[in-house]
Amino acid sequence: MLTGGGDGTAAVTPSRVRRALRVEWLGQTAASVCWIVSMLTYGISSSGDWLQLCAASAWLLANIATIATTDPG
């Protein structure tokens, strides 16, 4: 696995990989990516479309942040 070099970059640890491979995380991430792709595919023509794109992007970022956070302890 990769380890951080002390330069502030996040290390990829087995626990992060284990969390990323959980069904819950994979399902939510796939759903948010599909939502984003569908919004971009069908077009953004109203303010509601922009709100949906923002919601899907926030969901994806929250999933990524879950993996990026350090393990407690």
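Find out how many positive minus negative residues lie around ASN63, taking Lys and Arg as positive, Asp and Glu as negative, among other residues whose Cβ is under 13 Å from that of ASN63. Could the numbers behind the result be given before it?
Details: positive: ARG16, ARG19, ARG22; negative: GLU24.
Spelling it out: positives minus negatives among the neighbours equals +2.
Once the other residues with Cβ under 11 Å from the Cβ of TRP25 are scored (Lys, Arg +1; Asp, Glu -1), what is the net sum? Each step should come with its number before you reach the end.
Details: positive: ARG16, ARG18, ARG19, ARG22; negative: GLU24.
Around TRP25, the charge tally is +3.
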**Asked** Quick one: if you stick a label point 7 Å off each Cα along the C-beta vector at VAL37 and THR66, how many nm between them?
**Response** 2.0
**Request:** May I have the convex hull volume per residue, in Å³, for the Cα set of the range 14-67?
**Result:** 56
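Readers should treat all values here as calculations from the given coordinates under stated rules, not as data from a laboratory. What you see is a predicted model; the values in this text were computed from it and never measured. Using ideal geometry, Cβ is built from the backbone for each residue, glycine included, and neighbour counts are taken over all protein chains shown.
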